[in-house]
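The values are calculated or read from the model by the stated rules, or taken from the named source; none is laboratory data. These numbers were taken from a predicted model, which means no experiment stands behind them. No Cβ is skipped: glycine too gets one built from the backbone with ideal geometry, and neighbour counts run over all protein chains shown. Ligands, DNA and RNA are excluded from the accessible area calculation, which covers all protein heavy atoms including side chains. Shrake-Rupley method; radii C 1.70, N 1.55, O 1.52, S 1.80 Å.
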Amino acid sequence: MTDWSSLVVLPAPEHDPFDIGGVAEIKQRLGLDEVVKLHWNENLFGPLPGVLEAAREELEHAWMYPEETYRAFRDEVAAFLGTTPGRVFPGHGTQALIGALATTFLRPGDRVVVPQLTYYLYGTACAARGAVVHEAPTRELRIDVEALLDTVRRTRAKIVWLCDPNNPTGDMLEPGEWAYLLDQLPGSCVAVVDEAYVDFVALEARLPRLAAVEEGRPVVVLRSFSKFFGLAGLRLGYTIADAALTDRLALVEEPYNVNCAALAAGRACLRAGDAAEERRREVAEARELLAAGLRDAGAEPLPAAANFVLARIGVDDRMLADELARQGLLVRPGSDVGLPGYVRITVGPVPLMRRVVAAFTDARSALEG
Ligand SMILES: Cc1ncc(COP(=O)(O)O)c(C=O)c1O
């Protein structure tokens, strides 16, 4: 028998890596046929009109490598953003691009900085490339720009990772905080800003990140089609970055690693116009209803800009999540993301949010005893 442990440079995973959401295990354990996934921030509203049709039509070209669809995607995203195609580079999900960026910038021993409370993958992807990951403390569950900068200077970090709106908290940096970070960031450190959830934010409330890229600042922006656009299963994201960096990213990623159906679906999302605006309103309305219901039930929801709400619940988060799971509602216990005593709940359509609030209210009062 081959001893894989002596050959592979990574330790064996502790959990089944193909069931990280735990859905199969939960269904089996609780004897449930169906569960509602409110624990992964997927889009419970579904894709925008016309998007799946565009993906289906593109299947006709599945015999070809996606050279033309890559070009068309980059052109169309650039026109949508108001920039040049050279600054746009797709990947099969933001996750793939996080890995590509880590490979592009890091040698073993290089330092990177991540906020203490943020999406786990930045640290994991950098550590897998041999980098040393330093956590910067957050303050009252918010990213603390001063602490990030201090840690960058102290460790002479090469990358600082930011998630805005942040996961798992759901809040955003203030314009002044972003401007200060940009102003103070050493030229030897790249700010990678993951905007996976930014499409939920009203256009006028977004921060001018493209301008920073176009001014030649050391900034890379990541966008995803998994969240607002509801295409998590097709795997599609892109970077907005200086063209000179984009060319190097293209050397790191496998050639044409995004498929033609995903690229066509992504382009259709960008043409959705009013439907996207309407969707933003629907999500905001359902999010307000969820937050108000949680508050009425005795929890303390945080201000939320994305498609999830994080709330301090005043009872044991794993017990509460288990109780909701018994009713087929999967929510994320805060203990999973370093926040015991909190839960994170994905926003879905209003009738579903009413069901969640009712189940949460009962479960919380039962646990409060
Ligand atoms: C902050 C953040 N970035 C990226 C991702 C993954 O994005 P994608 O599906 O585009 O790989 C997630 C998924 O939960 C996320 O929360």
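Flag not set for G31, criterion: within 21 Å of G328 (Cβ to Cβ), in the same structural domain as F308 (by TED's automatic domain parsing), surrounded by 12 or more Cβ atoms within 10 Å (Cβ to Cβ) and not hydrophobic (A, V, I, L, M, F, W, C). Scanning segment 324-340 for residues that are surrounded by 15 or more Cβ atoms within 10 Å (Cβ to Cβ) and either without any contact (Cβ under 8 Å) to a residue 12 or more places away in the chain or in a loop (DSSP other than H, G, I, E, B) (or both) yields Q327, G328, D336, L339. Here is the figure for segment 202-228: residues that are within 14 Å of the ligand (Cβ to nearest atom), farther than 16 Å from F80 by Cβ and part of a loop (DSSP other than H, G, I, E, B) total 2. Quick one: which helices (runs of 4 or more DSSP H) lie wholly within segment 1-111 and hold at least 3 residues that are closer than 29 Å to V198 by Cβ and small (G, A, S)? Passing ranges, in order: 67-81, 94-105.
Kindly establish whether L231 is open to solvent by less than 10 Å² (accessible area, probe 1.4 Å), away from the ligand (no atom under 16 Å from the Cβ) and out of contact with any Ser or Thr (no Cβ under 6 Å at 6 or more places or on another chain). Answer is no for this residue. Note on segment 251-271: residues that are open to solvent by 20 Å² or more (accessible area, probe 1.4 Å) and either assigned to a helix (DSSP H, G or I) or of a type in the set (A, V, I, L, M) (or both) total 4.
If the condition is being within 8 Å of the ligand (Cβ to nearest atom) and not in a loop (DSSP other than H, G, I, E, B), then segment 234-250 contributes only G237.
Which residue is least open to solvent (accessible area, probe 1.4 Å), if the candidates are limited to segment 111-132 and must be within 11 Å of V160 (Cβ to Cβ) and touching a Lys or Arg at 6+ places or on another chain (Cβ under 8 Å)? Among residues in segment 111-132 that are within 11 Å of V160 (Cβ to Cβ) and touching a Lys or Arg at 6+ places or on another chain (Cβ under 8 Å), the one least open to solvent (accessible area, probe 1.4 Å) is V112. Scanning segment 71-100 for residues that are of a type outside the set (D, E, K, R), more than 12 Å from the ligand (Cβ to nearest atom) and either touching a residue at least 12 places away in the same chain (Cβ under 8 Å) or within 11 Å of E253 (Cα to Cα) (or both) turns up A72, F73, V77, F80, L81, G82, T83, T84, P85, G86, V88, F89. Return the residues of segment 14-39 that are within 17 Å of the chain's Cα centre (by Cα) and either among the polar types (S, T, N, Q) or modelled with pLDDT of 95 or more (or both); say none if nothing qualifies. Answer for segment 14-39, where residues must be within 17 Å of the chain's Cα centre (by Cα) and either among the polar types (S, T, N, Q) or modelled with pLDDT of 95 or more (or both): K37, L38, H39.
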